[in-house]
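Below: one structure, written as structure tokens.
Values quoted throughout were computed directly from the atomic coordinates according to the rules given, and no laboratory measurement underlies them. Predicted, not measured: the structure shown is a model, and the values here were computed from it. Cβ sites come from the backbone with ideal geometry, for glycine too, and all protein chains shown count toward neighbours.
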Amino acid sequence: MSIIVTDSGFAPAGADSHFLDIDAGHPPTDLADELNNIEAIRIEFASFADGRGFTLARQLRLMGFGGRLRARGQIMCEQYAMARRAGFDEVEISDADAVRQPQENWLARANWAAHDYQSQLRRPSS
Amino acid sequence: MYRYNDFDHGFVRERVRQFRSQVQARIDGVISEDEFKPLRLMNGLYLQLHAYMLRVAIPYGTLSSAQMRALAMISQRWDKGYGHFTTRQNIQYNWPKLRDVPDILSDLADVEMHAIQTSGNTIRNITADHFAGAARDEIADPRPYAELIRQWSTDHPEFQFLPRKFKIAVTGSSDDRAVTRAHDIGLRMARGQDGDIGFEVIVGGGLGRTPVIGEVLREFLPVQDLLPYIEAIVSVYNMLGRRDNKYKARIKITVRENGIDKIRELVEAEFILRRASFGGADQELLARIKTAFPAPDFIDAPIANFKTALAANDDFATWVETNLSPHKNPDYAIVTISLKTLGATPGDATDTQMQVMANLAEQFSHDELRVSHEQNIILPHVHKSHLAEIYARLADVQLAAANVGLASDFIACPGMDYCTLATARSIPIAQEIAARIDELKIERDVGLLKIKISGCINACGHHHLAHIGILGLDRAGVENYQITLGGDATQNAEIGKRAGPGFPADEIVSAIERLLEAYLAQRTSRTETFLETYRRIGIEPFKIALYGDGKANHAA
Ligand code: SF4
């Protein structure tokens, strides 16, 4: 079993058969033609020190992917804000990791939209 | 100077608050050192040989007097009364206690400073020409662009876990004082066909165990494309850079393994995608940042007393000869304060010295100081009528060494005295060489000479780029010092060549002396520098000086 982390905290993972599973090194251009038909994508993080998944998420969003985007695997609660800012909707962690990093630690990062330099740089010109 | 707005303040305070609770969790044993490590590294806190080390960023090397005073206060209150200025325009404190670090960060936040992204596999402190805004040969002040990149790279959500650390340097001058060709990304300001400002983009330079001079990725990048283009470079690197071997993880290896043309193709494609996500807010921000870097309000006053002092005081005149650089205003000078006084640790300054430099900046340099990658402090805007008084006040605190650009103006990494990775000492070797040069009284005769020393193959002392580079290694438990010759850190960047087998610690000083003698014997005139002589006659005569006739090739 695993836990889904969103801005409102922990929830048990539900059915996930509609997710396309890819690893963090997957070339996004491979998916370019079918992005509109994909409902949800789950990107696997093999190690918290491997930041490829953040860039892959951003690239998928920039290519126009509007479906659900989930990060799964080795992710620290300190990385929650990065995941959200990069374009993920949610994070999936194991039950064991949810014990080690309890809900309150993740909720402490739920204000990810605040203090975000990128939001200063990318607002459309006024 | 750039001042924090509410957003910057809020960001830094929030980070201090988060780190305070992480430190508390570590002290209470709630988290292990393994869990704490990535958190402290996000905040510039290293574990060194004897203690924690805190590395504080000095963005593009610019400090106000209030900031320098705060650095002095921190060294006095929380450390052992000194700080170490580094080759990447940071200051390091070598003895902070873990429980004090959140308070130190809070004190830094009071003066708009922090230690964020001074460690870890992320975009590090953005460095710039230390003469920015003052240099005579400058197209424009590079610091507004560096500040824009600082804000963009700070807490960038994609780039906190890159394959390896990532360093960016910016210069606005034709004389490259920012070593742009030895950075992951180097930006050299240029003018486009319409006279508009842009940048030549250099990628994949770096030192370490595989020194590489960066290659040009884009000849001319218009200013409005700056952020999307470097974001494209870093995202291509993030996906492509090797993560299986940390010695092959820097972008220089990514470029070598994939070829510059392939990298360029990927970056240009990514750039198109990225550019669409910038809606002009970055350019509005840049315009606001620019207003924070106005030219100083220059004073118009006679400089006769400067000429009188020059004639009256030989020591002052000697100092003026080496420690001043031309300012764009002819009545002004750029003053370099040497942190290489005989017997001192290169790059170190005591709290008292920092205080004095802060006071001088406030009184005489339009409230500005700079830190150079050569580990000296700069007063960028000094009216010549104030030079004599500045000199006297520097001399009172042992900061008047007249050796900028000369043999004893070393770069030396911390080496065995502090660094866990060191294979040899570097500071004591630098001090011994300085003492010998002082004994021989040949420093001024030798003239312009860059000696740089690293205590291990990681090359933090930039020895590859030195006219005479020294690399301290460990050969079966014994320190061994290898010499490289002919390196160059300027716009004509070049990696030095290995001269031959290394020397034990008790022979390296004499070996350097022989090199200097060989140069003095071979140069055509006093105006031919060591590097010029080397380029004219090649490495052989220097090998003979080091190893004797015939021995060089055999021993190598
Ligand atoms: S060159 Fe080596 S010894 Fe010197 S500071 Fe860097 S890692 Fe440490």
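Sort out which residues of segment B:279-294 are of a type outside the set (G, A, S) and more than 7 Å from chain A (Cβ to nearest Cβ), and write them in order of number. Passing the criteria: B:Q283, B:L286, B:R288, B:I289, B:K290, B:T291, B:F293, B:P294.
Report yes if B:V216 is within 26 Å of A:P28 (Cα to Cα) and not in a loop (DSSP other than H, G, I, E, B), otherwise no. Break it down stepwise before answering.
Working: within 26 Å of A:P28 (Cα to Cα): no; not in a loop (DSSP other than H, G, I, E, B): yes.
When the stated conditions are applied, B:V216 does not pass them.
Within segment B:310-336, the set of residues being aliphatic (A, V, I, L, M) and more than 23 Å from B:I377 (Cα to Cα) comprises B:A311, B:A312. A count restricted to segment B:313-354 and to residues that are under 13 Å from B:L387 (Cβ atoms) and free of Cβ contacts under 8 Å to residues at least 12 places away in the same chain stands at 1. With respect to the stated conditions, B:Y93 fails to be more than 30 Å from B:A134 (Cα to Cα), away from every other protein chain (no Cβ under 14 Å) and in contact with a strand residue (DSSP E or B) (Cβ under 8 Å, 6 or more places away or on another chain).
Only a single criterion out of (1) in contact with a Gly (Cβ under 9 Å, 6 or more places away or on another chain); (2) more than 14 Å from chain A (Cβ to nearest Cβ) is not satisfied by B:R124, namely (1). Within segment B:243-262, the residues that satisfy the criterion of being part of a helix (DSSP H, G or I), in contact with an Asp or Glu (Cβ under 9 Å, 6 or more places away or on another chain) and within 16 Å of B:I202 (Cβ to Cβ) are B:I251, B:K252, B:V255, B:I260. Of all residues in segment B:242-255, those satisfying the criterion of being under 25 Å from the mean Cα position of the chain (by Cα) and in contact (Cβ under 8 Å) with a residue 12 or more places away in the chain are B:K246, B:Y247, B:A249, B:R250, B:I251, B:K252, B:I253, B:T254, B:V255. For segment B:87-111, the set of residues classified as assigned to a loop (DSSP other than H, G, I, E, B) and farther than 25 Å from B:F410 by Cα consists of B:P96, B:K97, B:V111, listed by residue number.
Could you tell me whether any residue of segment B:160-167 is away from chain A (no Cβ under 14 Å), surrounded by fewer than 23 Cβ atoms within 10 Å (Cβ to Cβ) and not aliphatic (A, V, I, L, M)? For segment B:160-167, residues away from chain A (no Cβ under 14 Å), surrounded by fewer than 23 Cβ atoms within 10 Å (Cβ to Cβ) and not aliphatic (A, V, I, L, M): present.
Under the condition of being within 13 Å of the ligand (Cβ to nearest atom) and of a type in the set (D, E), the residues counted in segment B:372-430 number 1. Is it the case that B:L471 is within 13 Å of the ligand (Cβ to nearest atom) and either surrounded by 21 or more Cβ atoms within 10 Å (Cβ to Cβ) or over 18 Å from the mean Cα position of the chain (by Cα) (or both)? The answer is yes for B:L471.
Only residues that are surrounded by 19 or more Cβ atoms within 10 Å (Cβ to Cβ) and under 24 Å from A:F45 (Cβ atoms) were counted across segment B:234-272, and they come to 14.
The listed residues are B:H130, B:H84, and the only one of them that is assigned to a strand (DSSP E or B) and more than 14 Å from chain A (Cβ to nearest Cβ) turns out to be B:H84.
Considering segment B:431-468, and only residues there that are β-branched (V, I, T) and within 17 Å of B:A489 (Cβ to Cβ), the residue that is nearest to the ligand (Cβ to nearest atom) turns out to be B:I453.
No other residue among B:R425, B:R393, B:R370 is part of a loop (DSSP other than H, G, I, E, B) and either surrounded by fewer than 23 Cβ atoms within 10 Å (Cβ to Cβ) or among the basic types (K, R) (or both) apart from B:R425.
Checking A:A108, A:A113, A:A86 one by one, the residue that is within 21 Å of B:F36 (Cβ to Cβ), touching a Ser or Thr at 6+ places or on another chain (Cβ under 9 Å) and small (G, A, S) is A:A108 and no other.
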